[in-house]
1. Out of the residues in the stretch 67-82 that are more than 18 Å from Gly98 (Cβ to Cβ) and aliphatic (A, V, I, L, M), which is surrounded by the most Cβ atoms within 10 Å (Cβ to Cβ)?
2. Which of the helices (runs of 4 or more DSSP H) found entirely inside the stretch 60-106 contain at least 3 residues meeting this: among the aromatic types (Phe, Trp, Tyr)?
3. What is the residue count in the stretch 22-42 for residues that are open to solvent by less than 40 Å² (accessible area, probe 1.4 Å) and either among the β-branched types (Val, Ile, Thr) or outside any loop (DSSP other than H, G, I, E, B) (or both)?
4. Could you tell me whether any residue of the stretch 97-118 is closer than 21 Å to Leu217 by Cβ, open to solvent by less than 60 Å² (accessible area, probe 1.4 Å) and at pLDDT 70 or above?
5. Being modelled with pLDDT of 90 or more and within 21 Å of Ala117 (Cβ to Cβ) narrows it down to one residue among Leu45, Leu74, Leu66; which is it?
6. Against the definition (assigned by the TED database to the domain that holds Val30 and touching a residue at least 60 places away in the same chain (Cβ under 8 Å)), how does Arg57 come out, yes or no?
7. Only one of (1) surrounded by 15 or more Cβ atoms within 10 Å (Cβ to Cβ); (2) at pLDDT 90 or above; (3) in contact with a helix residue (DSSP H, G or I) (Cβ under 7 Å, 6 or more places away or on another chain) is not met by Val91, so which one is it?
8. Between a first residue in the stretch 27-53 that is touching a residue at least 60 places away in the same chain (Cβ under 8 Å) and a second residue that is open to solvent by 50 Å² or more (accessible area, probe 1.4 Å) and not aliphatic (A, V, I, L, M), which pairs have beta carbons less than 6 Å apart while being 6 or more apart in sequence or on different chains?
Amino acid sequence: MGRFIEGEDRLQSWLLPASLDDYVAEDNPVRIVEAFINELDLGTLGFARSEPASTGRPAYDPATLLKLYLYGYLNRVPSSRRLEREAQRNVEVMWLVGRLAPDHKTIALFRRDNGLAIQATCRQFVMLCRQLGLFVGAVAAVDGSKFKAVNNRDRNFTVVKVAKRIEQVDASIARYLAALDRADKEPNDIPEARVQRIGEKIAGLRRQMAFLRQMQLEVGASEGGQI
């Protein structure tokens, strides 16, 4: 067939790697998600059904569903239906959740029942990534120049201001989580692009929350209670 690079015959038998772990590189971010969630105390964070019931049909481990949700948060996959599809076809997700494939209703109910706990977990994850330098930052050095100072609300922080802004962002996150729940219930009425935009807004709000939490600590330790 000429000199094109040819793929393999789909009907040709071949041996896959010995384990699913061979498909996920050592520096793949899903390994960070795995390690982070395995160290969490889900009961303390407030996750429902963190202890398995002794009777009845076994349920999904909340840690498994949390890994799936956090993967979607990092990769802009907010819809429960899209997360369901990723669990069926994405090798990274298969590795992360042990090849389990919960349906979209299970994923949506998990988010509905554990909204505050998921919110707290994402805050911890973002702050941990900042401390470990996993978020790219930039430093600018200026010497021998004068610049006009602006002491607006984004540059001035006190204990009261930081607490109020955290409260405002918490309320915004709650509204966006509610919007995602509506998107799951009415998939035909809310376009997929809108669901993705909502997910991006949540990601931005959570990054802001991590900054405010850090600023709250710094304000409390500063002289005069102000930065």
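1. Val77
2. It comes to 62-74.
3. Matching residues across the stretch 22-42 total 6.
4. No, the stretch 97-118 contains no residue that is closer than 21 Å to Leu217 by Cβ, open to solvent by less than 60 Å² (accessible area, probe 1.4 Å) and at pLDDT 70 or above.
5. Result of the check over Leu45, Leu74, Leu66: Leu66.
6. No; evaluated as a whole, the condition is false for this residue.
7. (1)
8. Note: pairs meeting the criteria are Val30/Glu92; Ala48/Asp113.
The values are calculated or read from the model by the stated rules, or taken from the named source; none is laboratory data. It should be emphasised that the depicted structure is a prediction, and the values quoted were computed from it without experimental measurement. Glycine also receives a Cβ, built like all others from the backbone with ideal geometry; neighbour counts cover every protein chain displayed. Ligands, DNA and RNA are stripped out before the accessible areas are found, and what is left, the full protein with its side chains, is counted by its heavy atoms. Shrake-Rupley method; radii C 1.70, N 1.55, O 1.52, S 1.80 Å.
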